[in-house]
Amino acid sequence: MKRIKAEIISIENTNEDYYSIKLKPLDEFSWKAGQFVIVKMPESKINGKDKRTLSIASAPEEGFIMLGTRTGENISNFKRELLSKKPGDIITIEGPMGMFVKKEEMCPMVLVAGGIGITPVRGLLKSLEDEIGNMMELVYSSKNYYMYLDDLKEISEKNNRLILHTTENRVETSKEIDRIIEKYGNEPYYYISGTMGMVQSIKDKLKENNIEKTRVIADTMIGY
């Protein structure tokens, strides 16, 4: 794990409490698409938790680090301080960490993302937009806003091996997953990213349908 300084390029409020943060690493920093970092602001005095883990939404090939996050109804002191930063301000990141990365095995990939859980999935799919081997299906569930949806559509237009499904509730999501399980069985790796409850629910469904535990890779979003 490496600790570096990173410069704020931009902070965009993409919709309601959704934010996308672009960073320029000021030291050499490499990561695999789908990983996450720990964000710190040592120069700021924060009452409460002084660090957060945030998933990287960009692919290494893009040349910048992009983080996606939500604040929830009651924004934490940490998020308030982070989102008050201006272009040119400096923060600290540590990492990368996480196993939510593409396996070397040539097989289909099924990705299930809920809400802000799309952040590592966006990075993973961006890194695979020129992939010609793996068949990929994404089930993206959200109630009223699909972050990075334009990017995902562009990737699917460029790579016809990516099939994008958007759902609005658990019933629709469950139907899509049932269809995918029937189609692929244990052939693909199943990537799940979202809240703890959402991730566990999908894991339970996969287990009930005899999907092997070794075929499931999860990234749980804990807290806003």
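The single residue among I116, I38, I65, I56 that is of a type in the set (A, V, I, L, M, F, W, C), surrounded by 14 or more Cβ atoms within 10 Å (Cβ to Cβ) and in contact with an Asp or Glu (Cβ under 8 Å, 6 or more places away or on another chain) turns out to be I38. Checking each residue in the range 104-126 for being of a type in the set (V, I, T) and out of contact with any Lys or Arg (no Cβ under 8 Å at 6 or more places or on another chain) picks out V110, V112, I118, T119, V121. What pairs come up if the first residue lies in the range 190-206 and is without any contact (Cβ under 8 Å) to a residue 40 or more places away in the chain and on the phi < 0 side of the Ramachandran plot, the second is surrounded by fewer than 17 Cβ atoms within 10 Å (Cβ to Cβ) and among the aliphatic types (A, V, I, L, M), and their beta carbons are under 7 Å apart, counting only those six or more places apart or on different chains? Filtered contacts from the range 190-206: M196/I222. Among the residues of the range 182-215, the ones that are of a type in the set (S, T, N, Q) and in a helix (DSSP H, G or I) come to 3 in all.
Report, by residue number, each residue of the range 51-107 that is part of a loop (DSSP other than H, G, I, E, B) and hydroxyl-bearing (S, T, Y). Give the derivation first.
Within the range 51-107, the subset part of a loop (DSSP other than H, G, I, E, B) is 57-59, 63-64, 71-76, 84-89, 98-107.
Residues satisfying the conditions are S58, T71, S76, S84.
Hey, can you tell me all the residues within the range 155-181 that are touching a helix residue (DSSP H, G or I) at 6+ places or on another chain (Cβ under 9 Å) and part of a helix (DSSP H, G or I)? Selection gives I155, S156, R170, T173, S174, I177, D178, I181.
Give the range 87-127 a look and list any residue that's of a type in the set (K, R) and over 16 Å from L149 (Cβ atoms), or say none.
Step one: of the range 87-127, the residues of a type in the set (K, R) are 102-103, 122, 126.
The answer is K102, K103.
Readers should treat all values here as calculations from the given coordinates under stated rules, not as data from a laboratory. Quick caveat, the model's predicted, so the values are computed rather than measured. Heads up, the Cβs are rebuilt from the backbone with ideal geometry, glycines too, and the neighbour counts pull from every protein chain shown.
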